[in-house]
Amino acid sequence: MAERNAARAAGRLFGVGVSTYLEICAMGPSKAMPAGGWEWGCVRMEISAKVTVITGVTPHGQGQETSFAQIVADRLGVPIEDIAVLRGDTSVAHYGRDTYGSRGTAVGGTAIVMSVDKVIKKAKTLAAHLFETLDEYVVLENGKFKAPGITAREITWAELAAEAYLAKNLPAGLEPGLEASSFFEPENFTFPFGAHICAVEVDRDTGEVAIKKYIAVDDCGNQINPLLVEGQVQGGIAHSIGQALFEQTIYDENGQLLTGEFMDYAMPRATDIPEYTLGSTVTPSPVNPLGVKGVGEAGTIGATPAIANAVIDALAPLGIVHLDLPMTPQRIWRAMKTRTMATV
Amino acid sequence: MKLTVSHSIPADRQRVFEALCDPAILRRCIPGGESLTATGPDAYEATLKIGVPGIKGVYSGTATIGDKHPPESLTLGFEGKGGPGFVRGSAAIVLSPDGASTRVDCEADAQVGGLIAAVGSRLIEATARKLAGDFFNQLSNKMSATV
Amino acid sequence: MYPANFDYVRPASVDEAVALLKRHGEDAKVLAGGHSLIPAMKLRLARPSVVIDIGRIATLSYIREAGGAIAVGATTTHAEVETSKLLREKCPLLSETASHIGDVQVRNMGTIGGSLVHADPASDYPAAILALEAEIDLVGPRGKRTVRADQFFVDLLQTTIAADEILTEVRVPMTSRSVAYIKTEQKASGFALAGVAVVASPTGVRVGITGIAPKPYRATAVEQAIGNQRTAHAIEVAAAHAADGVVPLADIHASAEFRAHLAQVNTRRALERAFARA
């Protein structure tokens, strides 16, 4: 702000914009969705002691191939390299509601968690049988089954999987195999929130906008993989820079598309992106056992108004209170043209 | 797209007006004109190869001349279609005396669509202006040659 | 889209290339760096039946001193012009201008000859070429001819080159450091909405402008207005003439009015920078 006031005193157009947002994510309870809001997931401990995870979600850059493997590795105590996450093939994942509305991990990840927990429950029953004790005395610790106080023996996933598939010594009523699938029907949406702040300078002569500083603090609940979270926020802000400042699909009065090529439709590029300062708070969601809220849209929701507000703030000394998006240099110049700088 | 061009032709209004209605002259003045045949009174079919060097397209189309008020004004309607797109519109042409010459003021209203509009919109107005300029330059040359 | 079908030939020399052009006429296009031609072919706006690739003719790529000027071969890439020690020292305007073309990938492939012959009204080199009063060599079946920069650009996307000629060399003078190229980019393509090149010397100023009009032009009204003056006021007064005598282009990216304004702003900035570097 000190920088802004000093710039204004020097006659420069410098502005700061703030945006706080609350969004509705993790689509969603089926009653509120047009065609089902659940998600499906399957987890299978193979006879090889490697794990196959199948999800109805199809990540295309969001990174659930990594975060789902992390969740399963954590809960099973299995090395992450031993986990394969299958997705995006309807002959493998027959049903799914896919990625949108920041639901991939919140809804899809929970279906995976439900399936993992079913597998662990069945494994404990088999381990208890092998330990010759009751289910409730068996624990899973660091990928090994133990019955503390009952026996010193430990059973690895490899041993348990062999027992489960060779099926020579199963308790009565227990099916062979170690796999489970689940449909997670969420009871509610989740509500991520955040605050973004942007500082810009507007060139008085050309109307060009330069982003001087960008700060974002977002709350997406628990973060399974902070690097993926940061990537999502960075990408979202980049898209907002385009939306706020130069992306525009133009049709003429006859409905003819005029921006039919990226030579005419301006996309944000690496050189348009400033250094971000990103932070987060963590308020776990009560809606799913992972406590995650989703973060696919946070960047785009917080950033566009923050940038737009910053440009309007920069132009405020000229009495400008509104500009349509995108705030292109020509639009800004036209708004500035008829006004003179009021005394600060 | 709205386009206004003005040009001076070294001939009197009557002769310029007649030239604008004469297919024999038009055929030689239209830039890239490959064929021009009359299909009726004041109606023509034409094939043009136009564009800018390296990016020319073949267009076939029709033109009609109407609202004739010799020697002051006329309206030209046109429609053309080719690989790169289509164009249709009309031009209001007004002739005013300017000494021994005639000043031709042309106000055109054209709709351009298809590929050239979707990927080449930034050059359409400049190209249209250039083609109009080429046409009037050719007409000037023809008319001063026959003086 | 894929380009329409075409035949591809790679001549080993300029003479061979000229013979091919003579044989095929308007059906052929010359390929150098390909960054103007290939996009047009992929959109099928250009449909040459024969593509003549001169990009590997080694004798066309060079930057060297020649008789008090610097000669640049036609297939020299923008990246080579940008980084050339010789040009940076002795004709810095050309290197500076090249550094603004497109992006790194485009500069690695695009050539000065190809760019000049394509003559996009928003390309960068023409402003510098005009301000430098460069000379351009064209070679055809009738031999070699030299054309001055101000004779080279004829109209929108049109130069004086004949259908059977090839641009072989551009010659630029040696100048002081008192030069500048200031450009406002069209955000999507990186082409110039307004690009102004200035060469200043004790005797006067030369100003070349691209992006504003159907063809690039010398802003002679600015040159005459500034004369030998160097004050801030004189610069502002002179720069106001930047769009005199031209009908600025208008398109979805900038109105004629905005272009005229940018021409004035960038002329002022280019003059300021060139004078500051003296």
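Within region C:146-163, the set of residues being part of a helix (DSSP H, G or I) and in contact (Cβ under 8 Å) with a residue 12 or more places away in the chain comprises C:ALA149, C:ASP150, C:PHE152. Sub-7 Å Cβ pairs linking a first residue in region A:27-56 that is on the phi > 0 side of the Ramachandran plot to a second residue that is surrounded by fewer than 17 Cβ atoms within 10 Å (Cβ to Cβ), at least 6 apart or interchain, are A:GLY36/A:SER30; A:ALA49/A:ALA158, ordered by first then second residue. In this structure, B:GLU107 qualifies as under 30 Å from C:GLN186 (Cα atoms), surrounded by fewer than 16 Cβ atoms within 10 Å (Cβ to Cβ), modelled with pLDDT of 90 or more and out of contact with any helix residue (DSSP H, G or I) (no Cβ under 7 Å at 6 or more places or on another chain). For region C:27-61, taking the residues that are in contact with a Ser or Thr (Cβ under 7 Å, 6 or more places away or on another chain) and more than 14 Å from chain B (Cβ to nearest Cβ), the one that is nearest to C:LEU157 (Cα to Cα) is identified as C:GLY33. Restricting attention to region B:1-24, the residues that are closer than 21 Å to B:PRO97 by Cα and either part of a helix (DSSP H, G or I) or in contact with a Leu (Cβ under 7 Å, 6 or more places away or on another chain) (or both) total 9. Determine, yes or no, whether B:VAL52 is crowded, with 16+ Cβ neighbours inside 10 Å, within 14 Å of another protein chain (Cβ to nearest Cβ), over 25 Å from A:GLY255 (Cβ atoms) and among the β-branched types (Val, Ile, Thr). Judged against the criteria, B:VAL52 is a match. The residue list C:GLY190, C:GLY195 contains one member that is within 14 Å of another protein chain (Cβ to nearest Cβ), outside any loop (DSSP other than H, G, I, E, B) and of a type outside the set (Val, Ile, Thr), which is C:GLY195. Could you go through region C:262-271 and let me know if any residue there is out of contact with any Lys or Arg (no Cβ under 7 Å at 6 or more places or on another chain), surrounded by fewer than 19 Cβ atoms within 10 Å (Cβ to Cβ) and either without any contact (Cβ under 8 Å) to a residue 60 or more places away in the chain or in the same structural domain as C:GLY102 (by TED's automatic domain parsing) (or both). No, there is no match, as no residue in region C:262-271 is out of contact with any Lys or Arg (no Cβ under 7 Å at 6 or more places or on another chain), surrounded by fewer than 19 Cβ atoms within 10 Å (Cβ to Cβ) and either without any contact (Cβ under 8 Å) to a residue 60 or more places away in the chain or in the same structural domain as C:GLY102 (by TED's automatic domain parsing) (or both). Selection over region C:64-78 of residues that are surrounded by fewer than 19 Cβ atoms within 10 Å (Cβ to Cβ) and of a type in the set (A, V, I, L, M) gives a count of 3.
Mind checking which helices (runs of 4 or more DSSP H) fall wholly inside region C:18-94 and carry at least 2 residues that are within 19 Å of the chain's Cα centre (by Cα) and over 27 Å from C:PHE6 (Cβ atoms)? Walk me through it before giving the result.
On the way: elements: C:37-42, C:78-83, C:85-90.
Result: C:78-83, C:85-90.
Criterion applied to B:LYS130, B:LYS142 was being in a helix (DSSP H, G or I), among the charged types (D, E, K, R) and farther than 30 Å from C:PRO39 by Cα, and the one residue passing it is B:LYS142. Every test in (1) within 14 Å of chain A (Cβ to nearest Cβ); (2) in contact with a Lys or Arg (Cβ under 7 Å, 6 or more places away or on another chain); (3) not in a strand (DSSP E or B) is passed by B:ALA118 save one, and that test is (2).
The rows are residues; the columns are (1) part of a helix (DSSP H, G or I); (2) outside the structural domain of A:ALA93 (by TED's automatic domain parsing).
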position: A:LYS124; (1), (2): yes, no
position: A:LEU130; (1), (2): yes, no
position: A:PHE145; (1), (2): no, no
position: A:LEU170; (1), (2): no, no
position: A:GLY173; (1), (2): no, no
position: A:TYR214; (1), (2): no, yes
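For every residue, the table says whether it meets (1) under 30 Å from C:PRO39 (Cβ atoms); (2) surrounded by fewer than 17 Cβ atoms within 10 Å (Cβ to Cβ); (3) within 14 Å of chain B (Cβ to nearest Cβ).
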site: A:PHE262; (1), (2), (3): yes, yes, yes
site: A:TYR276; (1), (2), (3): no, no, no
site: A:PRO284; (1), (2), (3): no, yes, no
site: A:GLY294; (1), (2), (3): no, no, no
site: A:ILE307; (1), (2), (3): no, no, no
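A residue that is out of contact with any strand residue (DSSP E or B) (no Cβ under 9 Å at 6 or more places or on another chain), modelled with pLDDT of 95 or more and within 14 Å of chain B (Cβ to nearest Cβ) occurs nowhere in region C:79-90. Note on region A:245-254: residues that are over 20 Å from A:ASP324 (Cβ atoms) and more than 7 Å from chain B (Cβ to nearest Cβ) total 0.
Quick grid of which residues meet (1) more than 14 Å from chain B (Cβ to nearest Cβ); (2) out of contact with any Leu (no Cβ under 9 Å at 6 or more places or on another chain):
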site: C:HIS100; (1), (2): yes, yes
site: C:VAL104; (1), (2): yes, yes
site: C:ASN108; (1), (2): yes, yes
site: C:HIS118; (1), (2): no, no
site: C:ALA128; (1), (2): yes, no
site: C:LEU156; (1), (2): no, no
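If you go through region A:92-143 and keep only what is of a type in the set (Lys, Arg) and either without any contact (Cβ under 8 Å) to a residue 60 or more places away in the chain or out of contact with any helix residue (DSSP H, G or I) (no Cβ under 8 Å at 6 or more places or on another chain) (or both), you end up with A:ARG103, A:LYS118, A:LYS121, A:LYS122, A:LYS124.
So that you can scan it fast, the table gives a plain yes or no per residue for (1) farther than 15 Å from B:ALA128 by Cβ; (2) touching a Ser or Thr at 6+ places or on another chain (Cβ under 7 Å):
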site: B:SER6; (1), (2): no, no
site: B:PRO10; (1), (2): yes, yes
site: B:ILE30; (1), (2): no, no
site: B:ALA38; (1), (2): yes, no
site: B:ASP42; (1), (2): yes, yes
site: B:THR62; (1), (2): yes, no
site: B:GLU72; (1), (2): yes, no
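Among the residues making up region C:222-259, a single one is among the polar types (S, T, N, Q) and within 19 Å of C:LYS183 (Cβ to Cβ): C:SER255.
Residues of region A:193-210 that are within 14 Å of another protein chain (Cβ to nearest Cβ) and either of a type outside the set (S, T, N, Q) or closer than 12 Å to A:ARG12 by Cα (or both): A:VAL202, A:ASP203, A:ARG204, A:ASP205, A:GLY207, A:GLU208, A:VAL209, A:ALA210.
For region A:228-280, residues that are under 22 Å from B:MET1 (Cα atoms) and touching a Gly at 6+ places or on another chain (Cβ under 7 Å) total 2. Just for region A:147-164: of the residues that are in a strand (DSSP E or B) and β-branched (Val, Ile, Thr), which one is surrounded by the fewest Cβ atoms within 10 Å (Cβ to Cβ)? Checking each candidate, the answer is A:THR156. From the residues in region A:314-337 that are surrounded by 20 or more Cβ atoms within 10 Å (Cβ to Cβ) and more than 14 Å from every other protein chain (Cβ to nearest Cβ), which one is farthest from the chain's Cα centre (by Cα)? This residue is A:LEU315.
The values are calculated or read from the model by the stated rules, or taken from the named source; none is laboratory data. Treat the numbers as computed from the prediction; the structure is a model and nothing was measured. Quick reminder, even Gly has a Cβ in these numbers, built from the backbone with ideal geometry, and neighbours come from all protein chains shown.
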